[in-house]
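Structure first, then comments.
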Amino acid sequence: MKILVLGSGAGGGFPQWNCNCVNCAGQRSGRIRASERTQSSIAVSGDGLSWVLLNASPDIGEQIRRHPQLHPRHGLRDTPIKAVVLMDAQIDHVTGLLGLREGPCIDLYATRCVFEDLTSGLPLLNVLQHYCGTRWHMLAVDGASTRAEFDIEAVPNLRFTALAIPGKAPPYSPHRREQVVGDNIALRIESLVDGRSLFYSPGLARVGEQELAWMNEADCVLVDGTFWQEDEMQQAGLGSKSASDMGHLPQQGIAGRPGMVDALRESAASRKVLIHINNSNPILDEESAQRRVLDSLGIAVAHDGMEISL
Ligand code: MLT
Ligand code: MN
Ligand code: ZN
């Protein structure tokens, strides 16, 4: 299995266009060692030829331009991107669908909740009907059904499982205050060639026993690295929302509850990688004390262009 990190930043990317925080200003001026990051998305392939996008970032055009694996190969118009799977209906994960409108009809895999949001509060799919259109593949993570296995015909050698996880629906969703099953999923992707597997969850609010079990059985975990601490935005004067308000488990635990670093420390996965890093997170600075903590625990920080072969 091949994994391309197209975008490793959270919503807004890094540096964020309107932000003068120590990280964003430090990156622009070269005062800190940190690389630019576009908004969160990865591409996965089982044969190195056909790719599926996990989330479609607003930075998709630039992301495809930077990755030759995703360029057209045959004929006048072509794309090796065969499908898109959405983890939720957040703006930074879905608005890239509009950037695919020049291509063929999009094979789109998402839950009923996400299809609802994208045809009501943020009616992207209605708009796309006037361009390339979308073919809906409904993932049965809904109500009492908390996991759904599926294959993507045009992306061979991979088996996918969508898993209901604790998280947050987007601010515009009617479910924002009360999450329902299907608002947020993680993906387990297994290679049918050698059985190796990836656990992908760029937005994860809590790691309970179930999530820890999934993180344990995967060879590689690529998980929510949005915030270092719960009150990071408030501390930096950047906003009033906490990590939990936004549905992200910070790396540091909150009041006795374990954080993402604790979960990763327990996980048996051989590769542990944080993704969807917010511009406020001190781990963006490669020389920060927080980054040294991750280094010492064997936890990597995803960067744009990172390639993982499993
Ligand atoms: C989030 O995950 O909470 C988002 O990155 C926020 C956003 O896109 O505005
Ligand atoms: Mn996000
Ligand atoms: Zn910033």
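Data table
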item: 4 °C / 1.567 mPa s Stokes-Einstein diffusion coefficient of the range 202-266, Kirkwood radius on C-alpha pairs, µm²/s; result: 107
item: Förster radius 35 Å - calculated FRET efficiency between L98 and S29, Cβ distance, rounded to 0.05; result: 0.60
item: GNM flexibility winner over the chain from A164, A213, A144 (Cα, springs under 10 Å); result: A144
item: Rg/Rh for the chain, where both radii come from Cα atoms and Rh is the Kirkwood radius; result: 0.94
item: Residue among D117, D224, D245 with the largest mean-square fluctuation in a Gaussian network model of the chain, springs linking Cα atoms under 10 Å; result: D245
item: Pairwise FRET efficiency - Q234 versus D151, Cβ, R0 = 41 Å, nearest 0.05; result: 0.40
item: Estimated Rh, the range 149-261: Kirkwood, alpha-carbon pairs, angstrom; result: 15.3
item: Kirkwood Rh (inverse of mean 1/r, distinct Cα pairs), the range 45-89, angstrom; result: 11.4
item: Fraction in percent of alpha-carbon pairs per bin - 10 Å, the range 100-161; result: 20, 45, 31, 4
item: In nm, spacing of pseudo-spin labels at E178 and T119 (7 Å Cα→C-beta vector); result: 2.4
item: Excluding exposed DSSP-loop chymotrypsin sites (Phe, Trp or Tyr not before Pro) (at most 13 other C-beta within 10 Å), longest clean stretch of the chain; result: 18-171
item: Alpha-carbon Debye profile of the range 238-295, log10 I(q)/I(0) at 0.28, 0.30 Å⁻¹; result: -1.40, -1.41
item: For the range 1-107, projected area of the alpha-carbon convex hull averaged over all directions, nm²; result: 7.7
item: Normalised alpha carbon radius of gyration of the range 23-73 [divisor 2.2 N^0.38 Å]; result: 1.46
item: Fraction of alpha-carbon pairs over 14 Å apart in the range 167-229 - percent; result: 62
item: Euclidean distance between Cα centres, the range 1-48 to the range 188-265, Å; result: 17
item: Per DSSP, loop GluC sites (Glu not before Pro) in the range 45-124 with at most 11 further Cβ within 10 Å; result: E102
item: Computed over the range 201-310, Cα set: Rg, Dmax in Å; result: 13.3, 40
item: Rg to Rh quotient for the range 92-198, alpha carbon positions, Kirkwood Rh; result: 0.99
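Since every read-out is calculated from the coordinates, none of them should be taken as a lab result. All of these numbers come straight from a predicted model, not from anything done at the bench. As a convention, Cβ positions derive from the backbone with ideal geometry for all residues, glycine included, and neighbour counts pool all protein chains shown.
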